[in-house]
Amino acid sequence: MTQSALAGVTSAQPGRWCVRIVCILALALLTGCEQVNVQSMFDPAGPGAAEIDGLWWLMFWMGTAVYGVVMGLFLIAIFRRQWKEGDDVPPLGNTGFVVTGGAAIPAVILVVLLVFALIVHFSVAQGGGSVSVEVRGHQWWWEVNYPEHGIRTANEIHVPAGESVHLELTSEDVLHSFWVPQLHGKRDLIPGDTTTFWMEADEPGIYRGQCAEYCGLQHALMAFRVVVHPPEDFDAWVAERQEPPPAPEDSLLQRGQEVFLSETCVECHRIEGTTAQGTIGPDLTHIGSRLTLGAGIIENNRGNLSGWIVNAQAIKPGNQMPPTSIDSDDLHAMVSYLLSLE
Ligand code: CUA
């Protein structure tokens, strides 16, 4: 490399790095814009999350105050020699100052934080009642059952607004953790054990939940939605989901059902009222009414469902759904049938 070329590289590099850093910062900010309040514990939408949010801010501001005071003393210690004349500057502080600032005040702060943390801990442990939901974690999706209502679904939990929901959590395989940041804290799902939890949403809406315990390749894509209805709408949702879907009358849908029942789909999936009774994968009885596919990662629509059936591995590598060899007419019929199951 010639001298002039070398000079070009070295002089251009600081500029390039500045541009790269600015781009990365801009990207981070833009990403933040899109994600605002999508899944933020700083935007609580229920009593449990609100108490946790309050405790977080108390800890944040007390930590900020301590940091400010310590940094202030640090700066005084560094610069005081320059402020005073001569070299005979007396030492900063004394034994009383060290005991008060280094032991007594921290002890008071920690006790105050402990008391508030215990109050919140016991307060958010209370709850659960009007609706009971069982959630079973799988690699990498959520099985959702309503034992009192006889409803089975997946990756979507429907609840009434303003009512405390009792949760029974367990896992089929490895540790997972149930977390809807806007509604409550985290609770582990443990294989062979059942943990109880609760959540409550103040207002109707859709809240995103996420597995919060590393559980394998697709841990990051193990999401779900909590759909909060006005109480009277929730009763209607329950009534609709308790009914098995009617047998298809349209010839396209009938063909779609035949294809579904003749494929290997039935070994893993269940559709109430048919011979499909598999339990390895999500229950598809009302798949047409679900918002997402693949545990909350893609919108449930014709294109995505077709892609998922043909090759789910391309969308979510490592999941248990194998690729399906199917011709386009059969695929069209099967997807039409599945989307009709509302
Ligand atoms: Cu399930 Cu992480």
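Structure values in brief
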read-out	value
Computed over the chain: relative contact order in percent, which uses C-alpha pairs under 8 Å that are six or more apart	15 percent
For residue 185, residues with placed amide H under 5 Å, excluding near neighbours	none
GNM result for the chain, Cα springs below 10 Å: residue of 327, 43, 202 fluctuating most strongly	327
For segment 165-186 versus segment 265-342, the gap between their alpha-carbon centres in whole angstrom	24 Å
Gained length - residue 73 relative to residue 232, 0.36 nm times residue gap less alpha-carbon distance	51.3 nm
Top of 110, 55, 305 by mean-square fluctuation, Gaussian network on the chain, Cα under 10 Å	110
Three-way shape call for the chain based on the alpha-carbon gyration tensor, with the a/c threshold at 1.5	oblate
Per-residue ³J(HN,Hα) for segment 326-338, Karplus 6.51 cos²θ - 1.76 cosθ + 1.60, θ = phi - 60°, Hz, x for Gly and Pro	8, 7, 5, 5, 5, 4, 4, 5, 5, 5, 4, 4, 4
Residues whose placed amide H lies under 5 Å from that of residue 171, excluding near-sequence neighbours	137, 190, 192, 193
DSSP-defined beta bridges in the chain - what % are antiparallel, rounded to 5	70 percent
Gaussian network model of the chain, springs between alpha carbon atoms under 10 Å - residue of 61, 179, 198 with greatest fluctuation	61
Placed amide H near residue 157: partners under 5 Å, 5+ positions off or other chain	225, 226, 227
Global form of segment 233-342, assessed from the alpha-carbon gyration tensor, a/c cut-off 1.5	oblate
Compactness of segment 179-256 as Cα Rg over 2.2 N^0.38 Å, two decimals	1.53
Cα-projected label distance for residue 240 with residue 262, points at 7 Å along beta-carbon direction, nm	3.2 nm
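No value in this document is a laboratory result; all are computed from the given coordinates. These figures come from a predicted structure and were not determined experimentally. With ideal geometry, Cβ positions are generated from the backbone for all residues, glycine too; neighbour counts draw on all protein chains shown.
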